[in-house]
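The values are calculated or read from the model by the stated rules, or taken from the named source; none is laboratory data. Values in this document were obtained by computation on a predicted structure and should not be read as measured data. Cβ placement follows ideal geometry from the backbone for every residue including glycine, while neighbour counts extend to all protein chains displayed. In case anyone asks, the SASA skips ligands and DNA or RNA and just uses the protein heavy atoms, side chains included. Shrake-Rupley method; radii C 1.70, N 1.55, O 1.52, S 1.80 Å.
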Amino acid sequence: MAINLILAAIMLLCMVAVLWPFLFYPFILRMVPSKPEHPVATAPSSASLLFCAYNEAAAMPEKLVNLAMLKRQKPDLEILAFDDGSSDGTGDLIAAQGNLVTLIRGPGRSGKAHGMKQLAARARGDVLIFTDANVLLDEDAIARLLGRYADPEVGGVLGSLHYVGADESATASVGSLYWRIEERLKDEESRTGNVLGADGSIFSIRKTLYPTFPDSVLDDLTVSMAVVFAGKRLVKAKDVIARERLVTARRDEYRRKVRIAARSWHTHGHLRPQLRRMAAIDRFKYASRKIVRWFGGVFILIGGVAAGALAMRLSPVLYMGGAIAVALVIWIGVRAKSGPLAALVDVLIAYAATLQGVVRAMTGRTVTVWNPAKSR
């Protein structure tokens, strides 16, 4: 009886851990008081828009049109791009728009972190705005983003990423749902003080806060967290909209998540001394949204083993029936292209990819370069 209770408790704790970032953590955040911003009348900030590209020739025509539109809205906007040794003519497409974009060509594959450091060193704007080569920004995005810097305590501003193509596959649907939850979490974190880390689609910082870091880390996380470490606020602007197409193939999404998780854990190690010095509320946010999620695959495995052991102790028939049911659900979900079972399999695949990436980083292996997903 005691062993059964222990197994049941393990199952419950694992379930709570898996659901923590998506259910319990946001519930707790909603009970935290808001921390308002305090804008003052200041001269508009100058800005530099930076992005890196590798083999993005297919996305570049639409990207360049989008950049031209942004430039018309803010004529003094400086735009810089780094070509990371593209082999499909991406650099030539950007270079052809030399009056719009200043292009820096890398010597070969050196990675996004290296490229962004080159761009940041050459940028002249008071605010550095970071985005991706396949991301499009809404017409008023730059003006709305810069407006948040009227508060001198704001050191960095994130935008909101809206994914396109959620109905094209179960993988895309799960990715879209996950990201909508992520965006709401960032909204709550911003309301209560600081967002704990940005993604590369759209975020910005004051140039004076730009840190030094090795090429092996995840630059989005490293640069955005530098704002928090400097004692300034990292906030999110819901009305600064970026748009990006979802990855639709499971293989592409799996590889992407492994790469991001490996670099995230490697970056966590690089930032650990500064993370320990953060305020208690920020350490709680960071652990809840990042660390607990990175080890979600471990919690699922332990919870599954505990459930199997408990079922076997209660009834071998129950164990066999449960094992067959789980196997059948996974088999159907793997073969299906849409529907709830396909979505469930994609969730499990996402946790497996994240765990693989973390383990890879723990064993000293990380990734510095990237390849665009073919199914985007």
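Of the residues Ala237, Ala242, which is under 15 Å from Glu183 (Cβ atoms), surrounded by 18 or more Cβ atoms within 10 Å (Cβ to Cβ) and more than 14 Å from the chain's Cα centre (by Cα)?
Ala237
Looking at Gly193, is it at pLDDT below 95, open to solvent by less than 20 Å² (accessible area, probe 1.4 Å) and not charged (D, E, K, R)?
On the way: at pLDDT below 95: no; open to solvent by less than 20 Å² (accessible area, probe 1.4 Å): yes; not charged (D, E, K, R): yes.
So Gly193 does not fit the description; no.
Cβ-Cβ under 8 Å, sequence separation 6+ or interchain: first residue in region 136-148 and closer than 20 Å to Pro61 by Cα and open to solvent by less than 60 Å² (accessible area, probe 1.4 Å), partner of a type in the set (D, E, K, R) and part of a helix (DSSP H, G or I). Which pairs?
Leu136/Glu62; Leu136/Lys63
Do we have Ala95 as among the small types (Gly, Ala, Ser), in contact with a helix residue (DSSP H, G or I) (Cβ under 6 Å, 6 or more places away or on another chain) and more than 21 Å from Ile241 (Cα to Cα) here? Walk me through how you get there before you give the answer.
Working: among the small types (Gly, Ala, Ser): yes; in contact with a helix residue (DSSP H, G or I) (Cβ under 6 Å, 6 or more places away or on another chain): no; more than 21 Å from Ile241 (Cα to Cα): yes.
Judged against the criteria, Ala95 is not a match.
From Ala226, Ala311, grab the single residue that is modelled with pLDDT of 95 or more and small (Gly, Ala, Ser).
Exactly one of Ala226, Ala311 is modelled with pLDDT of 95 or more and small (Gly, Ala, Ser), namely Ala226.
Would you mind finding the one in Lys117, Lys71 that is open to solvent by 10 Å² or more (accessible area, probe 1.4 Å) and within 16 Å of Lys207 (Cα to Cα)?
Selected residue: Lys117, the only one of Lys117, Lys71 that is open to solvent by 10 Å² or more (accessible area, probe 1.4 Å) and within 16 Å of Lys207 (Cα to Cα).
For region 266-343, please list each of the helices (runs of 4 or more DSSP H) lying entirely inside it that holds at least 1 residues being within 26 Å of the chain's Cα centre (by Cα), surrounded by fewer than 14 Cβ atoms within 10 Å (Cβ to Cβ) and among the small types (Gly, Ala, Ser).
Per the criteria, 280-286.
Among the residues of region 120-135, count how many are open to solvent by 40 Å² or more (accessible area, probe 1.4 Å) and assigned to a loop (DSSP other than H, G, I, E, B).
As a first pass, look at region 120-135 and keep what is open to solvent by 40 Å² or more (accessible area, probe 1.4 Å): 121-122, 124, 126.
Applying the additional criterion that residues be assigned to a loop (DSSP other than H, G, I, E, B) yields 124, 126.
Within region 120-135, residues that are open to solvent by 40 Å² or more (accessible area, probe 1.4 Å) and assigned to a loop (DSSP other than H, G, I, E, B) number 2.
For region 170-190: of the residues being over 20 Å from Lys285 (Cα atoms) and touching a helix residue (DSSP H, G or I) at 6+ places or on another chain (Cβ under 7 Å), which is most open to solvent (accessible area, probe 1.4 Å)?
Among those that are over 20 Å from Lys285 (Cα atoms) and touching a helix residue (DSSP H, G or I) at 6+ places or on another chain (Cβ under 7 Å), it is Ser173.
Tell me which residues, restricted to region 199-219, are at pLDDT 95 or above and under 19 Å from Arg184 (Cβ atoms).
Ile202, Phe203 - these are the residues of region 199-219 that are at pLDDT 95 or above and under 19 Å from Arg184 (Cβ atoms).
Among the candidates Ile79, Ile104, Ile142, which residue alone is in contact with a Lys or Arg (Cβ under 9 Å, 6 or more places away or on another chain) and part of a helix (DSSP H, G or I)? Steps first, please.
Working: Ile79 fails: part of a helix (DSSP H, G or I); Ile104 fails: part of a helix (DSSP H, G or I).
Criteria check complete, one pass: Ile142.
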